[in-house]
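Here the structure is laid out as structure tokens; the discussion comes afterwards.
The values are calculated or read from the model by the stated rules, or taken from the named source; none is laboratory data. From a predicted model like this one, the values you see are computed outputs, not experimental measurements. Positions of Cβ are generated from backbone atoms using ideal geometry, with glycine treated the same way; all protein chains shown enter the neighbour counts.
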Amino acid sequence: MISLFQFGLIFSASSSDLSYFAVRYATVLNDEVKKEPKKSFFAIAFQFNQASNKFLLKKIKDPNVSDYFYEPSKGHGLPHNPFKAIIAPRPIGWISTIDKLGRVNLAPYSFFNAFAETPPVIGFCTSGARKDSCNNADETGEFVANFCGADLAQEMNITSASVAPGIDEMKLAGLAATASTLVKPPRVTDAIAALECKLISTTQLTDAKGALINTWLTLGEVVGVHINNKFLKDGIFDTAAARPLGRCGYQGDYVEVNTLFEMFRPKDYVAS
């Protein structure tokens, strides 16, 4: 950890924009010291001072330079990683599966989205370790993507807790379950919609150099669609009335979609 003395050096080394660089240095240097405990703190501090000075000089020469740039492999230098705050809001796939013993699992994933329309394909990612949703889908070849409205926000959050395999998160959260039509995993009765899926593949992802990373992408073909009748109006799914939840950045940030605006794609583009 960085000592108070070293933190003081960080402040003195950052005479311009103290609040910005103090936080940046404290976070990044602490991470670097952990990575390289044998390396001198002062050597690491000098390295980051050099990089920051280049940024300051560039900003002085060109006052229009206002963006904050970092390379993820070298650390973001901010109090919290902004990656998930930038890619937001993200739809939440509330994935229900069963294991070989028929035990139900339900968990929300914000690394989730649609990947194709015909046939419809959706997918979700698990990171850090293969989670029950991924393992169960692999074992049984099926899963259901439920969609959560604002009315079920608290229940959805309960199902995000880390519990032992075999614990039924639907019961844990007090949710009603309804049998699916074409697959074995049940769906959340009060979800705004639910997509029954057959497994296409589960793939462990790699970085740009081809090295495996601790993230698995599960893709499934949608073979059945359930829509809560409350949100069908004149044959149209009323997204604003359904109030779907989206995940934003940082630990507890969510958004509720309740307002839409309409904008049509141009038919033709004529260069001026």
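If the condition is being within 12 Å of W94 (Cα to Cα), assigned to a loop (DSSP other than H, G, I, E, B) and either touching a residue at least 60 places away in the same chain (Cβ under 8 Å) or hydroxyl-bearing (S, T, Y) (or both), then segment 187-199 contributes only A191. The residues on offer are G224, G249, G210, and the sole one that is within 21 Å of the chain's Cα centre (by Cα) and either small (G, A, S) or modelled with pLDDT under 95 (or both) is G249.
Within segment 167-178, the residues that satisfy the criterion of being in a helix (DSSP H, G or I) and either in contact with a helix residue (DSSP H, G or I) (Cβ under 8 Å, 6 or more places away or on another chain) or modelled with pLDDT under 95 (or both) are E169, L172. Which residues, counting only those in segment 116-151, are assigned to a helix (DSSP H, G or I), free of Cβ contacts under 8 Å to residues at least 60 places away in the same chain and either surrounded by 22 or more Cβ atoms within 10 Å (Cβ to Cβ) or not hydroxyl-bearing (S, T, Y) (or both)? Listed by number, the residues that qualify are D132, N135, N136, E139. Restricting T181, T202 to those that are part of a loop (DSSP other than H, G, I, E, B) and among the β-branched types (V, I, T) reduces the list to T181.
Residue by residue, here is whether (1) in a loop (DSSP other than H, G, I, E, B); (2) touching a helix residue (DSSP H, G or I) at 6+ places or on another chain (Cβ under 8 Å); (3) buried (at least 16 other Cβ atoms within 10 Å of the Cβ) holds:
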{"site": "H76", "(1), (2), (3)": "yes, yes, yes"}
{"site": "H80", "(1), (2), (3)": "yes, no, no"}
{"site": "L101", "(1), (2), (3)": "yes, no, no"}
{"site": "N113", "(1), (2), (3)": "no, no, no"}
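Taking I200 as the residue in question, decide whether it is farther than 28 Å from P82 by Cα and in contact with a Pro (Cβ under 7 Å, 6 or more places away or on another chain). No; evaluated as a whole, the condition is false for this residue.
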